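The values are calculated or read from the model by the stated rules, or taken from the named source; none is laboratory data. Keep in mind that this is a model prediction, so the values were computed, not measured. Here Cβ is always computed from backbone atoms with ideal geometry, including for glycine, and neighbour counts include all displayed protein chains.
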């Protein structure tokens, strides 16, 4: 008799698990839709290309020197300056990390 009760319990719990699983799936899908809706309302980032892209000579750069003079930038309008009056020079042939180099130019590409 005990065995019959166990079988009934397992099939009853299995019957409950399917609706619970399905409701969890529906909730997950709705959260995904809400996130997509929120992301679609975010303000646009700067354009990937700009009018200065065609002004760069095809053989640029002729030397590897990097020279910044009094550079001030912010991430976007309305935010405080993230770099304020920055000046530095990196001589040609100086080894710097590629990630550092790329991060500098990705963050301040609108300066050029």
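Brief remarks follow.
- Of the listed requirements (1) within 30 Å of residue 96 (Cβ to Cβ); (2) loosely packed, with under 10 Cβ neighbours inside 10 Å, residue 44 misses just one: (1).
- If you go through the stretch 63-91 and keep only what is assigned to a loop (DSSP other than H, G, I, E, B) and over 30 Å from residue 42 (Cβ atoms), you end up with 63, 64, 65, 91.
- Some residue of the stretch 50-62 being in a helix (DSSP H, G or I), modelled with pLDDT of 75 or more and surrounded by fewer than 10 Cβ atoms within 10 Å (Cβ to Cβ): yes
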